[in-house]
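These notes concern the structure reproduced below.
The values are calculated or read from the model by the stated rules, or taken from the named source; none is laboratory data. All values reported here derive from a predicted model rather than from experimental measurement. Every residue, glycine as well, gets a Cβ built from its backbone with ideal geometry; the counts of neighbours run over all protein chains shown. What goes into the accessible areas is simple: the full protein's heavy atoms, side chains included, and nothing from ligands, DNA or RNA. Shrake-Rupley method; radii C 1.70, N 1.55, O 1.52, S 1.80 Å.
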Amino acid sequence: MKIVGASIPRPDALGKVTGAAQYPADLVRPGMLHAAAVWAHHAHARILSIDTSAARALPGVRTVLLAVDVPYNRFGLIEADQPLLCDDMVRFYGDRVALVVAENAAIARAAADLVRVEYEDLPIVSSAQQAIAPGAPRVHEDRSNVLLHQKIRRGDIEAGFAAADVVLEGRFTTSWQEHAYLQPDAGISYWEGDKLVLETAGQWLHEDQRQIAAMFEMPEERIVIRYAKIGGAFGGREDLSLPPLVALAAWKLREPVAMVWNREESIVGHHKRHPFTITMKWGAKRDGSIVAAQIESIADGGAYASTSAEVLKCAAIFAIGPYSIPNVATDAIVAYTNNVPSGAFRGFGAPQAHFAAETMVTRLAHELGLDPTDVRRKNLYKEGDLESTGKPLPAGVSVRQVFERCLEEKAVRFKSDGRVTPGSSLRRGVGLACGIKNVGYSFGFPEQATATVELEVTPAEIRSATVRVGAAEVGQGVHLVLRQIAAETLGLPFEAVRMITDDSSQAPNAGSVSASRMTLMGGRAVAEAANAARGSWVYGDPPRATVQYIPPRTTPLDLETGAGVPNYCYGYSAQAVEVEVDMRTGVTRVARIISVHDVGRAINRQQVEGQIEGCLAQAVGYTLTENLLTRDGKILTPYFSTYLLPTTLDMPTEVYPIILESADPNGPFGARGVAEMPLVPFAAAVAAAIFDATGAWVTDLPMTPERILAAIDESRRRSAASAAALIV
Ligand code: MOS
């Protein structure tokens, strides 16, 4: 193999660094108008009246659109429960009540401020705990605040605890995380003949097309979605944010319209990672075998359904980490609140679950007087093990190899500098954690990817190929990887493969770039279409084939027991993290990271390393610095000046991405996915490292200096108290 595995440079890189690449906010059409949203800025209120007269009177304003202008005013990826424009109620700060269209963006924004909305404020549901308490106000009048309650029951939990020599309890909280894609939500929309075109950013051309067609009650083939260059997504573009708004303006006025959100609008207006409160009770035997895990997870779903149900189910199955535990009782609940909707974000429920589960494993080991490494070895999944949902894991269970490799790397790379720097308040510590995360859609959600390959041939040879595959390039490098798969399969030079990927009318539906799935799913469809096209060559011309790849099927989970087949593929991770904690301030620096991943096959090694490194930066932010604060449903940190992303200075100089390649049975050339994996174990590895350095467990994310310092103080108080008790 010459092309698969090669670190071919990204063809899109030069344009992106020179500024030649066109992102959605760079797009221009002659005579285009500009749209601006009128935001609710109320967490929960009834709309009494909307007065648009002052806005309409402003020179340069073309129209002000309201809910009544949207033919089918509902959208959503799983369930269409979100209005594009609100008519009677607003349910979170970032709801939209009107859309102003004007000759330029400044006039549109000025006019948006002139729209007068009269509200009657309603009681605000500001946490999941409040939402599920008896007598709580309803977020949606026609339904319970419990969006989903998923149970998992395996074995006999009481017998499990009875057999345990040690039982530990723990409580963990995690907070929202903002995707912080550098390219804020933007797009332009216009008519091309009888087709409405939307050029924007997203993660799934054909799903955006489906939802927008439904909103305007148009046949899907009359909606064309085109993706410009996309500056990051991370799950944050799975839900439609700005795109249907700009499409509405163009659809209505039949003129080109542009819309660009500023950073505050993007942070207020699009969904976040789910905050969770996780309560755990785990039991283990003296030999380190974990025999029982009881888990209650409560998540804040925010005002609309988004992908909450799917995220919750993932958090439920991953609440035991990558461990085989015979007795499990999990109750996972996600509730509607008047907070910003929660939805997809790199890891999709797994990071929250692993923060709790992996911390419990380390604590159980300490309690038993065993090495956490040995307790992991004793319980890690192996080939043929059952999941808590009752069926065997998909073939290719490699978490033990991944963990052992992590230990080997740690022995070589983490030569101890000593825990204490003499004369300083800095303490060093090392933590370990493992992870499991699905690749591809779960729980019976229809999973497929379709690709078309067309060959240009002479009588003697294949000269070049055109690959059509509707896969979004959000910065992860998927267009390059799919092109490498096509070139390798066809025996063509890389340059002889042309990609058509960014237009819903020109490329078939390959599903979303989410769930770390596109290398496996899109890659498999491309490889099969390439083989089929070559196979069709003998029968005539032009050689061309379209193939829909469907992976092994999954099933919904039984609501009461969790029984089912949740996934067809998993990625496995293990990490070792070294931190340095300032005992006086709590300020914690990540000093070194080893991140080991079984990717099945690295189609492009450098891209895989880049995915691991980039994801680790996001993991550092999630774990230590990114603190999205809210009060009564209002986001108090809607700027990068107050919502602190890690910069290059916060990243350690020593980051070791380690790639293992045990082939997945379904993946193209054995490839699985990697995109989300480094975020899965990271927070738990850092928590264990902080404990190693300080003797204190931090159980709330993000682990800010204040929280770390408070945990250190608390653990000192406790050891002082127990020392005093010993003396007495
Ligand atoms: Mo994702 S969080 O599967 O885009």
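Using a 1.4 Å probe, what is the accessible area per residue for the chain, in Å²? Can you show the working numbers first?
Values: 26130 Å² over 728 residues.
Dividing the accessible area of the chain by its residue count gives 36 Å².
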If the chain between Met651 and Ala162 were fully extended at 0.36 nm per residue, the gain over the current Cα-Cα distance would be 171.5 nm
How large is the accessible surface of Asp650 in square angstrom, using a 1.4 angstrom probe and rounding to the nearest 10? 70
Given 20 °C and 1.002 mPa s, how large is the Stokes-Einstein diffusion coefficient of the stretch 206-264 in µm²/s, with Rh as the Kirkwood radius over Cα pairs? 170
Just how much of Lys16 is accessible, in Å², when a 1.4 Å probe is used and the result is rounded to the nearest 10? 50
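Give the percent of DSSP beta bridges with both residues in the chain that are antiparallel, rounded to the nearest 5. Don't skip to the end; give the middle numbers.
Working: 95 of 127 bridges.
Antiparallel: roughly 75 percent of the beta bridges in the chain.
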Give the lysines reachable from Lys378 as a straight Cα distance under 18 Å; neighbours fewer than 8 places away on the same chain don't count. Lys285
Once Lys and Arg get +1 and Asp and Glu get -1 on their Cβ, which of Gly384, Leu27, Ala332 lies farthest toward the positive end of the dipole of the chain? Gly384
What is the distance in Å between the Cα centres of the stretch 529-583 and the stretch 362-420? 25
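Order Glu609, Glu199, most accessible first, counting only protein heavy atoms with a 1.4 angstrom probe.
Working: Glu609 60, Glu199 35 Å².
From most exposed to least exposed: Glu609, Glu199.
In debye, nearest 20, what is the charge dipole magnitude of the chain about its Cα centre with +1 on Lys and Arg Cβ and -1 on Asp and Glu Cβ, if you could check? Intermediate values should be presented prior to the final figure.
On the way: 70 positive and 82 negative charges, 235 e Å.
Taking the Cα centre of the chain as origin, the dipole is about 1140 debye.
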Hey, which aspartates and glutamates would be in cross-link range of Lys195, C-alpha to C-alpha under 12 Å, not counting anything within fewer than 8 residues on its own chain? Glu220, Glu221
Extent of the chain along each principal axis, from alpha carbon coordinates, in Å, largest to smallest? 85, 74, 53
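Of all DSSP beta bridges in the stretch 198-340, what percent run antiparallel (nearest 5)? Working shown, then result.
Details: 9 of 22 bridges.
Just about 40 percent of them are antiparallel.
With a cut-off of 8 Å between alpha carbons and a minimum separation of six or more residues, what is the relative contact order of the stretch 448-549 in percent?
Details: 221 pairs, mean separation 40.2, N = 102.
Over the stretch 448-549, the number comes to 39 percent.
Per residue and in cubic angstrom, what volume does the convex hull of the Cα atoms of the stretch 448-549 have?
Details: hull volume 8.4 nm³, N = 102.
About 82 Å³ per residue, rounded to a whole number.
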Spatially proximal lysines relative to Lys16 (Cα-Cα < 20 Å; intrachain offsets below 8 disregarded): Lys229
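How would Lys378, Lys285 line up by accessible area, probe 1.4 Å, largest first?
On the way: Lys378 100, Lys285 80 Å².
My answer, sorted largest first, is Lys378, Lys285.
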Taking amide H atoms as placed 1.01 Å from N in the peptide plane, list the residues 5 or more away in sequence, or in a different chain, whose amide H sits under 5 Å from that of Thr630. Leu636
To the nearest 10 Å², what's Tyr119's accessible area with a 1.4 Å probe? 40
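Of the cross-linked pairs Lys281/Lys313; Lys252/Lys313; Lys313/Lys382; Lys272/Lys437, which ones have a Cα-Cα span greater than 28 Å in the structure shown? Don't skip to the answer; put the middle values down first.
Working: Lys281/Lys313 19 Å; Lys252/Lys313 39 Å; Lys313/Lys382 22 Å; Lys272/Lys437 19 Å.
With Cα atoms farther than 28 Å apart: Lys252/Lys313.
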Sum -39500 (n - 2.57) across every DSSP H segment of at least 4 residues in the chain, then divide by the residue count to get the 222 nm mean residue ellipticity, nearest 500. -8500 deg cm²/dmol
Percent antiparallel among DSSP beta bridges confined to the stretch 448-549, nearest 5, equals 70
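Among the complete DSSP H segments of the chain, which ones combine at least 30 Å of alpha-carbon extent along their axis with a mean Kyte-Doolittle hydropathy of -0.5 or more?
On the way: long enough: 705-727 (33 Å, 0.05).
Going by DSSP H runs, the hits are 705-727.
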Ignoring ligands, DNA and RNA, what percent of the 1.4 Å accessible area of the chain is carbon and sulfur? 52
Going from most exposed to least, what order do His479, His274 have by accessible area with a 1.4 Å probe? His479, His274
If amide hydrogens are placed 1.01 Å from N in the peptide plane, which non-local residues have theirs closer than 5 Å to the one on Met703? Leu624
